[in-house]
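Notes follow once the structure below has been shown.
Bear in mind that the values in this text are calculations on the coordinates, not laboratory data. These numbers come from a predicted model, not from an experiment. All Cβ positions, glycine included, derive from the backbone under ideal geometry; neighbour counts span all protein chains shown.
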Amino acid sequence: MGMLLSIQKSYELLANYGCFAREICDKCGSVLGAVRFTRYGESEVYCSPECRGDAHRTASLRPGRPRKHKTDRERRAVKTRQEQVYRGAS
Ligand SMILES: [Zn+2]
């Protein structure tokens, strides 16, 4: 459940938005309407996937190279670092 609004604030929202809103986005504070975004098993509610923290996931679904690593060389460098860490730990 999102941050609870005071009764007075709720009535203001009822007047302004035409609904008795009691929840706002846990991230940006926007009043939640009929559409709200939650994460399974968590109580927070958000106004959008972006606020829920899914912006990166959405971006990574796009075709093509992930934006995280700009070039193959950079990606290889990261991979090498990870392997070094692995060797160091064993
Ligand atoms: Zn939000």
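Close amide H pairs (under 5 Å, H built 1.01 Å from N) link Val31 with Cys25, residues at least 5 positions away or on another chain.
Approximating the spin labels as points 7 Å out from Cα along Cα→Cβ, the Val35-to-Tyr11 distance works out to 3.1 nm.
Sorted on the mean count of surrounding Cβ atoms within 10 Å across their residues, most packed first, peptides 26-37, 43-54, 72-83 read 43-54, 26-37, 72-83.
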